[in-house]
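See structure below.
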């Protein structure tokens, strides 16, 4: 199921408008509308959401990102790789944290950078972080 189908079903089950859902998820009404349509009406292109946006949606509806991605099944934007979650505390928090936990801007930026980093960059970043362990 696509994220748009999921949101439309969620709204129907909870008798909720797009605006109400957008407010709950800390997103704009236009993003919710475009997701439900499956594309941006101005560009006719699919909407490409960041992990942060998925985290906001999951948090707004009281789920973890992991549970949201499980609900989306084959339409989930990324595969959940256990080794990535094991090695990266910030990313693990985003996937497994209890709903209603708000990420600060630094956490959001780390997650966003991590999701777009190459494997080489991830290994280098992990090495630096491990070397800094204990440094305050």
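Looking at region 32-48, can you tell me whether even one residue there is within 21 Å of residue 107 (Cα to Cα) and surrounded by fewer than 17 Cβ atoms within 10 Å (Cβ to Cβ)?
Filtering region 32-48 down to residues within 21 Å of residue 107 (Cα to Cα) leaves 48.
Okay, now just the ones that are also surrounded by fewer than 17 Cβ atoms within 10 Å (Cβ to Cβ), so 48.
Yes: one or more hits.
Please verify whether residue 3 is at pLDDT 90 or above, under 30 Å from residue 126 (Cβ atoms) and either surrounded by 19 or more Cβ atoms within 10 Å (Cβ to Cβ) or in contact with a strand residue (DSSP E or B) (Cβ under 6 Å, 6 or more places away or on another chain) (or both), treating the condition exactly as stated. Spell out how you get there, then give the answer.
Values: at pLDDT 90 or above: yes; under 30 Å from residue 126 (Cβ atoms): yes; either surrounded by 19 or more Cβ atoms within 10 Å (Cβ to Cβ) or in contact with a strand residue (DSSP E or B) (Cβ under 6 Å, 6 or more places away or on another chain) (or both): yes.
Judged against the criteria, residue 3 is a match.
Please state which of the following conditions residue 101 fails to meet, knowing it meets all the rest: (1) closer than 30 Å to residue 13 by Cβ; (2) at pLDDT 60 or above.
(2)
Are there any helices (runs of 4 or more DSSP H) wholly within region 13-75 with 2 or more residues that are more than 22 Å from residue 113 (Cα to Cα) and touching a residue at least 40 places away in the same chain (Cβ under 8 Å), and if so which?
65-72
The values are calculated or read from the model by the stated rules, or taken from the named source; none is laboratory data. Everything numeric in this text was worked out from a predicted model, so none of it was measured. Methodologically, a virtual Cβ is constructed for each residue, glycine included, from the backbone with ideal geometry; neighbour enumeration extends over all protein chains shown.
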